[in-house]
Amino acid sequence: MISSVTQYDSGTYTCRGYRGRDSQSSEISNAVTLTVSERAQAVLIVSPQSWLTEGDSVSLSCEVRDSSTGWTFSWYRAVPHVEVLSDSIRGAGGSYTLSPAALHHTGVYVCRAERGEPTYQTQYSNTQPLWITDSLIISPSRTQHFSGDSLSLSCEGQSDSTGWRVRGYTHSGRVSDCSSLWGSVTGSTCTIRYLYISYTGVYWCQSESGGSSNPVNITVHNGGVILESSVHPVTEGDSLTLHCLCHPTITYHLRADLYKDGSLIQIQTAGEMTIRTVSKSDEGVYYCKHPERGESPHSWVSVRGQNLKISHLYYYTNLTRASNLTRASNVC
């Protein structure tokens, strides 16, 4: 009996019997080969991503690679010791879903598989961290703005707004705080009275303890037309409205056309287009164009099943708090 096998026990085994006072022996038995493999390893995968906004959905998938089926799975969070999740359901599916994700779900996760009788357990899987955050609140609620506009960036939506501040990485090539460069601070809100093109960049909320919100890309445009789309989420199947806005100093009516992936999709007279039911086919790069005033900056619209995300220059925004689009009287 080998009570706890190791790889060193691998080899070829035979036996021989003895009896009587003279220890008469039998012939040597047939040979049996014992192979001891490394302990099976569970692998944990997070989909769609590890950095989430409160209200998003995330799935943890556990699998045992290079192994046969028949495994059941358990889910754990390291806090800092490995503790089984109170709502963990063992099953053959190998998937654990957090929907909707909440701030208290932030942590480091592992899984483990088992099968057989007596039970054989794999090693704990690789660790997968999950960060669930609130979002940066932008007013007006769009990511494209004209130079000279005012803008409010607020971290007040954080579950605990104490100690949060707005930070940004702009064309200056460095990370800066609101008060040191662009505007004035009241509580956790940054107010920029006058936007310059150099303020184009990525902005986020950061706490004193190092926590961060999802980054949002802000584009400041010096031209005559911008594209307005919500910085907050719409779910696949919901509607999405896109506006072409003209510069506030323009007093006469303009007609801006709307393009997707370089192709004209709608001639604008009212300055807006509504996608009644968003689907995967609506994914692409959108922009407005006027024959005299030029093009707006380009915006990438990404559709991800139940997690539709709108991003600009590939910086994903928070899409969990959908709000009404800001409607201006100066629609192109």
*Sort out which residues of the range 117-129 are out of contact with any strand residue (DSSP E or B) (no Cβ under 6 Å at 6 or more places or on another chain) and either part of a strand (DSSP E or B) or buried (at least 22 other Cβ atoms within 10 Å of the Cβ) (or both), and write them in order of number.*
Tyr120
*State all residues of the range 58-75 that are part of a strand (DSSP E or B), of a type in the set (A, V, I, L, M, F, W, C) and more than 21 Å from the chain's Cα centre (by Cα); if no residue qualifies, say none.*
Val64, Phe73
*Using the structure shown, decide if Gly224 is under 24 Å from Gly148 (Cβ atoms), small (Gly, Ala, Ser) and either touching a helix residue (DSSP H, G or I) at 6+ places or on another chain (Cβ under 9 Å) or at pLDDT 60 or above (or both).*
yes
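Going by what's in this entry, would Tyr13 be described as aromatic (Phe, Trp, Tyr) and either at positive phi or in contact with a strand residue (DSSP E or B) (Cβ under 6 Å, 6 or more places away or on another chain) (or both)? Full working, then the answer.
Numbers: aromatic (Phe, Trp, Tyr): yes; either at positive phi or in contact with a strand residue (DSSP E or B) (Cβ under 6 Å, 6 or more places away or on another chain) (or both): yes.
Spelling it out, Tyr13 is indeed aromatic (Phe, Trp, Tyr) and either at positive phi or in contact with a strand residue (DSSP E or B) (Cβ under 6 Å, 6 or more places away or on another chain) (or both).
For the range 182-210, how many residues are outside any strand (DSSP E or B) and closer than 24 Å to His298 by Cβ? Quick ask: steps written out before the conclusion?
Initial filter on the range 182-210 (outside any strand (DSSP E or B)): 182-183, 187-188, 193-200, 208-210.
Subset that is closer than 24 Å to His298 by Cβ: 182, 195-200.
Within the range 182-210, residues that are outside any strand (DSSP E or B) and closer than 24 Å to His298 by Cβ number 7.
Kindly indicate whether Asp134 is at pLDDT 90 or above, buried (at least 16 other Cβ atoms within 10 Å of the Cβ) and not hydroxyl-bearing (Ser, Thr, Tyr).
Working: at pLDDT 90 or above: no; buried (at least 16 other Cβ atoms within 10 Å of the Cβ): yes; not hydroxyl-bearing (Ser, Thr, Tyr): yes.
It is false that Asp134 is at pLDDT 90 or above, buried (at least 16 other Cβ atoms within 10 Å of the Cβ) and not hydroxyl-bearing (Ser, Thr, Tyr).
The values are calculated or read from the model by the stated rules, or taken from the named source; none is laboratory data. Because the structure is predicted, anything quoted here is derived from the model rather than measured. FYI the Cβ positions are ideal-geometry reconstructions off the backbone, even for glycines, and counts take in every protein chain you see.
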